[in-house]
Each structure stands twice: as C-alpha cells, then as structure tokens.
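Every number in this text was worked out from the coordinates using simple rules, so none of it is lab data. Since this is a predicted model, take the numbers as computed values, not measurements. Note: ideal-geometry Cβ built from the backbone for every residue, glycine included; neighbour counts use all protein chains shown.
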Amino acid sequence: MKILVIGNRFPWPLHDGGALATFQMLKAMAFEGHEVSYFSLNTQKHFIDDKTLLERFSFCKYYSCQINTDIKPWNAFLNLLSNRSFHLVRYESKSANEQLSQLLRNEEFDLVQIEGLYSAGFLSTLRNDFKGHISYRAHNFESQIWERLATETSNFLKKVYLNLQAKRLKREEVAFLKSVDSIVAIAPSDLEVFKEFTNVPQYLYLPGLNLGLEVDLELQPFKLFHIGSMEWMANIQGVEWFLQKVWPIVKSEYPQLAFHLAGKGLNKSDARFFQSGVFNHGEVENAQSFMLTHGICIVPVVAGSGIRMKLIEAMSLGIPCVTTKIGVQGIDVENHVHAEIADTHEEFANSIITMIQQWHETIKMGVRGKKYMIEHHNLQNNTRELLMFYSKMIGKRD
C-alpha cells in the first residue's frame, strides 16, 4: 500500500510517549514493505531542521510545513469571542493545507491516516482532493483530558476557562469522529467512548516497542524516578500531586530515598520541584539510559486519556512500576502482578514502601511486567495486524 500519514509535528527526538509511538509505527509500516509518506506541520516549538529530518526519516518520504503554534495571550483572549476550540485553531494553517492539496494532486495514495486530533484541520482538504479511505488514529480522547484537568484545578478562573475549552473541544472532536472512514484507538477505554458517538469501523491498535532485548538494568530500592514530557499539563499536575501528597510520606519512612525527575521541557531551576531528596535532571539526552539506572518508575497520572508509552517502555525493560488507574489505562495489567496500581496518595505511598520492603518480590514483578509487554505490545506484530485491517477497509471501499 501507499500510505500517507498526516501529523501535527515530527516525532523527534523521542523524549515523549507520543513521539515514540508515532515514530515506531512509521518505521514498522515501512519495515512491512509499504510505501510510507509523512506529511507534518513543523512547529516552531518542536522544530526539526532539514539535516535531522534526512538523518532520522530516510525510511519514508516526508513533507515539512513550518508553522508557529505558540500560545499568545491576545489570541487566547480573542478566541473566547468565537465558538471554536483554541486547542485546534492553533494548528490550522492555510499554507499547509495548500501544500497538502498540491501533494494529493501530484501523488496517489491508497490510504490516509490522520495522526492525532490536532491534525484534524486537514480533513476538509482531504475530502476535496482525496477519494480513498481516511482513517483517524486517536492518541487520546482529547476532550476527556481537559475535562479531567479542569476537575483537578483549584483556581476558579482557570477552571472556568478549561471547562469552556473542554466543551468546545468535545463538540469538534465528536463531529470529527463522525466524519472519518475508520478510527484506530490505542486504548480499549477510548474505543468504548468512540463507539458512543459514531458507528464507523473501529480498531484497537496497541502501540508497542521492539521488545525482548537484553539490557543492563541497575535496579536500586532507594531510587524512584519519573520521566515524561513536562510540556503536557497532565504530567505536571501528576508530579505536583506526587511531591505534595506522596513524597512526604515515603521520605519520612525512608530518609535516604531519592526521587529523580527528567523530561522534555523540564526546567532545572523550576521551584516547584525543589524538595529534599528530589533531583531535577531537566531534559536528558537518552531516556532509556536514564530509566535503566534510577530504580522504581512512578507514573502519577491523575488526569489523562489514551495510553502511557513511558510506562510501556519502563515495563518492557523489566523496571518495576507504580501508577494510577488512569496511568495504566489501556494497558490491561494486573495489580500486584505486573505493576502496582494505586489511586489515593496513601495507597500510592504504601505501594512504594511495600515495594522497597519486599524488594525481591518487586524484582520478580518487573520480570512479569516485561513478559506481559513482550506478549501484548510487540510493535511489529501489532502493526502487521493494523495493516491487515486497513487492507480490508480499502477492499470494502473498492
């Protein structure tokens, strides 16, 4: 098949779960022998230069459209006078749509996959210039994230604004779900939600990694770590919750305990992350190397949707993890068997304390988690099955 994937950013460097999932998927599609093209906005915030694009995306054709999506207070204020979602409007570009239109006139594709909701602004151009199957691969049920963030926010004005934007986003998101030819979800919970709004064909594609490789894992009981994009509000909110509610409990139990924090967009001088025993590494060069040397992985997600790629990555390395029900959403692991799952701050703290006290059992849990990931989140197998689904969809349309 000739596949065109449309994104709102280039998935590089691999410092966050979204980039990791998209990059791995593109490579897996190409590895299966399909001709893959990636058409993407190249945002000022996540700008990738031509040299890096050539080095990292040589396995496919790629098309770059420069755009500035930075949030400007004045534009955010003016958006209040409209009825559009500010989250989506930021990624809409007339010049990028013109570039896509030209590409569709020059080349023929069997399938177009829209990668994430923030690429939804290209749908009208696709409908005008492409007569084939259009699929939407949803990274999350986006409006649900903003609804949860609004719920968890204590600031009244911020809560009102987030609720307004969540309602607008949900209205546009639901309309978009009904306008595509198929939907590919990455979490079972998202798939169930999508079925409430549309009856277009839907498929569950569990994202994965190239798993089963032996690594040098240095597990230490008195080290905890979290790594994730700190440009994502849900990650910031989760880490703040952990430091305010959980960390004082576990630190009082084990004064020698250290918490290592890293992630994209993390400022080493951010005062929110200055506490006794907390080490702020900022943005690290190699996420996997960081994960292999810093003990127990914590994923304290209290708002979000979709699936946590960093949790998959940590578990695939044999690292024992503790997270919340939202954090493990889309990953059908068993509590106390493959990972620790705790929602209240007391439960979260007690899980960590128990893991340290029963260290040999914790190591065994890491091994079971790795085995689960190898069985259920194998990148090549899952991508091959996704492509079979697409082949059937194209056959039906023909």
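Residues of region 39-68 with backbone nitrogen within less than 19 Å of a virtual label 7 Å along the Cα-to-Cβ line of residue 94, please, listed as ranges.
Residues passing the 19 Å test: 41-42, 65-68.
Is there a pair in 45/310; 2/178; 268/370; 61/170 whose C-alpha atoms are over 28 Å apart, and which pairs would that be?
Over 28 Å Cα-Cα: 268/370; 61/170.
Which of the peptides 292-298, 166-172, 309-315 is most tightly packed, and how do the rest follow, going by the mean number of other Cβ atoms within 10 Å of each residue?
Going from most to least packed, we get 309-315, 292-298, 166-172.
Give the order of 60, 321 when sorted by the count of other beta carbons within 10 angstrom, beginning with the fewest.
With the sparsest Cβ surroundings first, the list reads 60, 321.
If packing is taken as the mean number of other Cβ atoms within 10 Å per residue, what is the order of 326-333, 263-270, 86-93, 250-257, highest first?
Packing proxy ranking, top to bottom: 326-333, 86-93, 263-270, 250-257.
What are the radius of gyration and Dmax of region 223-376, computed over its Cα atoms and given in Å?
14.1, 41
Just checking the chain: which Cys have no other cysteine's beta-carbon under 4.7 Å?
Cys with no partner Cβ under 4.7 Å: 60, 65.
Taking the Cα centre of region 223-376 as origin and charging only Cβ (+1 Lys, Arg; -1 Asp, Glu), how large is the dipole, in debye to the nearest 20?
Roughly 220 debye for region 223-376.
Counting only C-alpha contacts under 8 Å and six or more residues apart, can you give the relative contact order of region 223-376 as a whole percent?
This gives 23 percent for region 223-376.
Taking R0 as 22 Å, what FRET efficiency do you get between residue 128 and residue 107 from their Cβ-Cβ distance, rounded to the nearest 0.05?
0.90
Points 7 angstrom from Cα along the Cβ direction at residue 72 and residue 44: gap in nanometres?
Distance between the two pseudo-spin positions: 0.8 nm.
With r defined as the distance between the Cβ atoms of residue 199 and residue 358 and R0 fixed at 56 Å, what FRET efficiency is calculated, to the nearest 0.05?
My answer for the efficiency is 0.70.
Going by Cα centres, region 1-61 and region 110-129 are how many Å apart?
Rounded to whole Å, the Cα centres lie 16 Å apart.
Compactness ratio of the chain: Cα Rg over 2.2 N^0.38 Å, N = residue count?
Rounded to two decimals, the normalised Rg is 0.99.
Mind checking which of 80, 209, 386 has the largest fluctuation in a GNM of the chain, springs on alpha carbons under 10 Å?
Result: 80 has the largest fluctuation of those listed.
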